[in-house]
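Every number here is computed from the coordinates shown, using simple stated rules; none is lab data. These numbers come from a predicted model, not from an experiment. Every residue, glycine among them, receives a Cβ derived from its backbone with ideal geometry; neighbour counts consider all protein chains shown.
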Amino acid sequence: MKKILIDKALYSSLDKYETVLQRADVQVFTAATTDEILSLHQQKRMSLIIARLDAPGTPPERIYGQIRNDPELRAVSLILVCGDQPADRVKAEHCGANAVMTRQAIDGGVLDKADSFLNIPTRGSYRVLLSVSIDADKDKSFFCRSENISATGMLLETDRTLVSGDRLNCSFFLPGAKQIEVSGEVVRIISTTEKAGHRQYGLKFTKIAAADSAAIRDFIRRKSGRN
C-alpha cells in the first residue's frame, strides 16, 4: 500500500482528476501545516509528500531538514509547490525536494510526478461487467462494473453497500483473454457517482494468478498503444 500525504490546500484541486489518488493501492492523508506533515510522516511512514512551500507552521527548511536527516524518515519522495520566483525554487531545493513545481503547473503535472515517484503500475480505463461475491457470503453473488484496472487492483462501481475491509471474489473477461478470477479487499470508498445510489470502491487484489496479472498488463499495453 502506497501512502501519500497532501497539503489540504492542494488536495481539493487535485482530487477532481481521475488520477493516482483514486487507485485502490493508494492511501491518501492530508495535513494543514508543516508540523502536521512531520507528525503524520512519523506515524505512518509516507511514500510521497506533496506540500506547499509556504504552508503554515514551522519553517519548511527545519521540517524537511529533520526528515532528510533522520534515517527512518528520509526514504520519502517530496514534491514542493511554490511561487514562480527564482528564490522560491532555490528555497524548495534546499528543503531536499525531489521535484519543485509552480502553482501554475500543478494540475496534471504534479500527478504525473507522483506516478513516477511511486512507480505505481499503469492503469487502463476499462468498463466491464463483473460477477462478485463477498467472502462472508459466497453463495450470494451480484454484478457490478469496473471503471479502471491495473495488475494490482481496480475501481468498482455498484449500488451495493460495501465497507473497507470487505473481501471480494471477482470474475470477468478481458478482450482476447480467458476468464479472469481474482480475490481482493476493499481499501477505499471513493464517492457517490452520478447514478443515484451507486458508489465507487477501490479494490486491492490479494490473490491473482501470475498468468492473469500478465494478461491485465498486456491488455493495458495494447489499449494504450505501447509496445
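Quick look at the numbers
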| item | result |
| --- | --- |
| Fully extended contour minus Cα-Cα distance, from Leu73 to Gln43, at 0.36 nm per residue | 9.8 nm |
| Too-long pairs where the Cα-Cα distance tops 30 Å, listed order kept, from Lys8/Lys140; Lys140/Lys178; Lys3/Lys140; Lys44/Lys140 | Lys8/Lys140; Lys3/Lys140; Lys44/Lys140 |
| Net length gained if the chain between Lys207 and Val90 were fully extended (0.36 nm per residue, minus Cα distance) | 37.5 nm |
| Linear extension gain, Glu181 paired with Ser141, 0.36 nm per residue minus alpha-carbon span | 13.0 nm |
| Ile190 long-range amide H proximity, modeled H, under 5 Å | Gln200, Tyr201, Gly202 |
| Separation in nanometres of the label points that stand 7 Å from Cα toward Cβ, at Val163 and Leu129 | 3.0 nm |
| Residues with amide H under 5 Å from that of Val128, placed H, sequence gap 5 or more | Ser146 |
